[in-house]
1. May I ask you to list the lysines whose Cα is less than 24 Å away from that of Lys102, ignoring any residue fewer than eight positions away on the same chain?
2. How big is the dipole moment of the chain about its Cα centre under a simple scheme where the beta carbon of each Lys and Arg is +1, that of each Asp and Glu is -1, and everything else is neutral? Debye, nearest 20, please.
3. Once you sort the root eigenvalues of the Cα gyration tensor of segment 1-95 as a ≥ b ≥ c, which label holds: rounded (a/c under 1.5), prolate (a/b larger than b/c) or oblate (the other case)?
4. Taking amide hydrogens as modeled 1.01 Å from N in the peptide plane, which residues meet the under 5 Å criterion relative to Ser199, leaving out close sequence neighbours?
5. Could you run the Karplus curve 6.51 cos²θ - 1.76 cosθ + 1.60 with θ = phi - 60° over segment 156-161 and give me ³J(HN,Hα) per residue in whole Hz, x for Gly and Pro?
6. Taking 1 over the mean of 1/r across every pair of different Cα atoms in the chain, what Kirkwood radius in Å do you get?
7. Filter the chymotrypsin sites (Phe, Trp or Tyr not before Pro) in segment 22-66 down to the DSSP loop ones having no more than 16 other Cβ atoms within 10 Å, then list what survives.
8. What does the extension gain come out to for Ile52 and Asp104, with contour length at 0.36 nm per residue minus their alpha carbon separation?
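Values quoted throughout were computed directly from the atomic coordinates according to the rules given, and no laboratory measurement underlies them. Remember, predicted model here, so these are calculated numbers, not experimental data. No Cβ is skipped: glycine too gets one built from the backbone with ideal geometry, and neighbour counts run over all protein chains shown.
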Amino acid sequence: QMTDHLVDPALSEWVLPSFSTTTFHDRIVGSVVMMASMKKYFTYSCQLACGIPTVTLLGTVSDWEDIRRRADKLATFGDLTTKWMSMLTPVLDQFVAAAANKPDVEFWQRICHSVSHGSGSCHLSGWITVFSVPGEFTPYGSHVREMVKLGGDFPVVEVGKVTAGYLTVDVKIDDNGTEYKSVMFAGHLAYEALVDGTSIQPTLAWAIALK
């Protein structure tokens, strides 16, 4: 809509890349750069809609079966991870079924449920919370009216305490005798907007930064 208010509507095409190598991602970057350059004259907003219309599982059925088998190993690491496994494996079973074209529609409609506490913090429930690392969640409380059970109650997680999808590790860099302290990040660091403009996909990435 910003283009409708420009004195020269062609300005946007002059700014935005349109080369043979330009990707959808490049157009997004160019658009944000243009928005930033015009922020003195415009304010920007976006509106969110509820629900996830579709979910696409990448890979093969055997890939998801392999992930499901690996989850059984969690039972060998102690009581906490065994408890986590008891909540995680029923969810992974549903992933395997969906990959085999046998989705449980009711299950996929219960991904996430937001619970507000007035002036207090917001909490999340639903099976998505099993992917938060154990120790960061508490059992269902009486304030949650709609508890989803699938082999056990799913945790309730405060939004501000949702476990990050990446980990960090300290690394010492030796630059020909000069040492630097750094930290490496690896995991799900971002989401990628796909070419269709209506879908997002988690992105695995890594980075290193000086401390």
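1. Correct list for Lys102: Lys149.
2. My answer is approximately 420 debye.
3. Numbers: a/c = 3.71, a/b = 2.76, b/c = 1.34.
Note, shape of segment 1-95 comes out prolate.
4. HN-HN under 5 Å from Ser199: Leu194.
5. Listing the rounded values in order: 9, 10, 5, 3, x, 10 Hz.
6. Numbers: mean 1/r = 0.0468 Å⁻¹.
Its Kirkwood hydrodynamic radius stands at 21.4 Å.
7. Working: sites: Phe24, Tyr41, Phe42, Tyr44, Trp64; in loops: Tyr41, Phe42, Tyr44.
Of the chymotrypsin sites (Phe, Trp or Tyr not before Pro), the ones in loops of segment 22-66 whose Cβ has at most 16 other Cβ atoms within 10 Å are Tyr41, Phe42, Tyr44.
8. Details: separation 52, 0.36 × 52 = 18.72 nm, distance 1.49 nm.
Working it through step by step, the gained length comes to 17.2 nm.
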